[in-house]
1. Can you find, among Ile328, His311, His288, the residue sitting farthest towards the positive end of the charge dipole of region 273-361, where Lys and Arg contribute +1 and Asp and Glu -1 at Cβ?
2. Rounded to the nearest 20 debye, what is the charge dipole size of region 232-364 about its Cα centre when +1 sits on each Lys and Arg Cβ and -1 on each Asp and Glu Cβ?
3. Of Lys252/Lys303; Lys289/Lys334; Lys250/Lys319; Lys122/Lys191; Lys250/Lys283, which sit over 23 Å apart, Cα to Cα?
4. Using a 1.4 Å probe on the protein heavy atoms, what percent of the accessible area of region 136-261 belongs to carbon and sulfur?
5. Just add up the charged neighbours of Val233: K/R +1, D/E -1, any other residue whose Cβ is under 12 Å from the Cβ of Val233.
6. Do any trypsin sites (Lys or Arg not before Pro) in region 40-124 lie in a DSSP loop with no more than 13 other beta carbon atoms within 10 Å, and if so, which?
7. For a quick check of your reading of the filter: which chymotrypsin sites (Phe, Trp or Tyr not before Pro) in region 37-104 sit in a DSSP loop and have no more than 13 other Cβ atoms within 10 Å?
8. Using a 1.4 Å probe, what is the accessible area per residue for the chain, in Å²?
Amino acid sequence: MENRDPVVHLDRNFWIVTAVFAVLSAISVWYFGTFDFVRLLPESAAPAGDIDALTRFLLMSSGPLFIFVIGYLLYFTIAYRVRRSDPPDAIGTQIHDNHSLELWWTVIPTIFVVVMAIFSVKIWYNIEVAQPTNGIAVESIGHQWYYTFRYPNVHGEIPNEMHLEVGVPVTLHVTSSDVIHSFWVPTMRIKADMVPGLINTLHFTPLNPGTYKIICTEFCGTLHGEMEKQTVVIEDHAHFTAWYNGWVAKTKNVSDAIAAASAGAIPLTGGSASAGQATFAAKCSACHKIAPFDQKIVGPGLKGILDDPKHPNLVDGQKATPENVAAILQHGYKGDIGAMPDMTANGLSNKDIANLVEFLKNQK
Ligand code: CUA
């Protein structure tokens, strides 16, 4: 059979629809180029602007692509349909080895993919690498069905509400305590899976004050949908500091107790002598008098306990320092002089001990 170039009929109708597609493409490029993403979904943090720019680029380039591909598909389906006058075994024009066509349908998509890759890798770099790390490090843990947040110097997990300060870069580590959840803040345009045993990290900088939803996008059980009631609150320095210091103070007893337990001692700063006097009257005065050492009831008199030349050491042989007095109050003491129960048996808190030491310091 003779091998010749096929005859291609690009008639007047073809050029008319091509012109229509070009106009529609121009309109779609204009529409997506000027589309107001922020009115649709506010931006609450960097990199939301970068993500929106990438989305805009994708829409502006895929709009014309969609219009031409689907448009020609519909046009050719209609233009080259089988007609009643065609013989039953008719087949369409067969085209092989059109080099210029193959060149262009390879070159154009390749250029497009390369540009898209450069654009998105640049944004990815901004999110993952270039974000400043001099801000605050926060952790979020997914639970069935809520989030908790951990902050520096706050003991334990804060439930339900994440507070962040405008303009302070955040390094957020996320994980899960039970099943797979996810951490998605649409207004920040960031998202990470929360996976048990794995820590994922996000970098962002809060920009606009407000209260924004956190949404779980991994089906995690019956109340999966309830997780979107959790919020992130972006606020100014004064409001954030008040909230943060509130949690630091609220959990300070626990933090102090843990610090004391790890250091083996009870912190004595901030003890109140007057509160100590009241505690002494309630819990100690049955066994101790504020009188010289020899005036015992059950235990020795405690007047001048920290400043007694005749008794430079305590009953346990340790030097008479506030820390060592606190240690006896904490652990109790048992010796030939008698037995004193520990802080648990005596019902003393860390604060009580700090107060008692402060009170005894002043009994010279
Ligand atoms: Cu947590 Cu879905």
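1. My answer, from the dipole projection, is His288.
2. On the way: 12 positive and 12 negative charges, 80 e Å.
Approximately 380 debye in magnitude.
3. Working: Lys252/Lys303 32 Å; Lys289/Lys334 19 Å; Lys250/Lys319 35 Å; Lys122/Lys191 18 Å; Lys250/Lys283 26 Å.
Beyond 23 Å between Cα atoms: Lys252/Lys303; Lys250/Lys319; Lys250/Lys283.
4. 59
5. Numbers: positive: Lys213; negative: Glu161, Glu165, Glu235, Asp236.
Once positives and negatives cancel, what remains is -3.
6. Numbers: sites: Arg56, Arg81, Arg83, Arg84, Lys122; in loops: Arg81, Arg83, Arg84.
Taking region 40-124 and a limit of 13 other Cβ atoms within 10 Å, the loop trypsin sites (Lys or Arg not before Pro) found are Arg81, Arg83, Arg84.
7. On the way: sites: Phe37, Phe57, Phe66, Phe68, Tyr72, Tyr75, Phe76, Tyr80, Trp104; in loops: Tyr80.
Here the chymotrypsin sites (Phe, Trp or Tyr not before Pro) that fit, given the DSSP loop and packing criteria, are Tyr80.
8. Values: 21950 Å² over 364 residues.
Counting only protein heavy atoms, the per-residue value for the chain is 60 Å².
The values are calculated or read from the model by the stated rules, or taken from the named source; none is laboratory data. Since the model is a prediction, treat every value here as computed from it, not as a measurement. Cβ coordinates were reconstructed from backbone atoms using ideal geometry, including for glycine residues, and neighbour counts include every protein chain displayed. The area values use the complete protein model at the heavy-atom level, side chains included, leaving out ligands, DNA and RNA. Shrake-Rupley method; radii C 1.70, N 1.55, O 1.52, S 1.80 Å.
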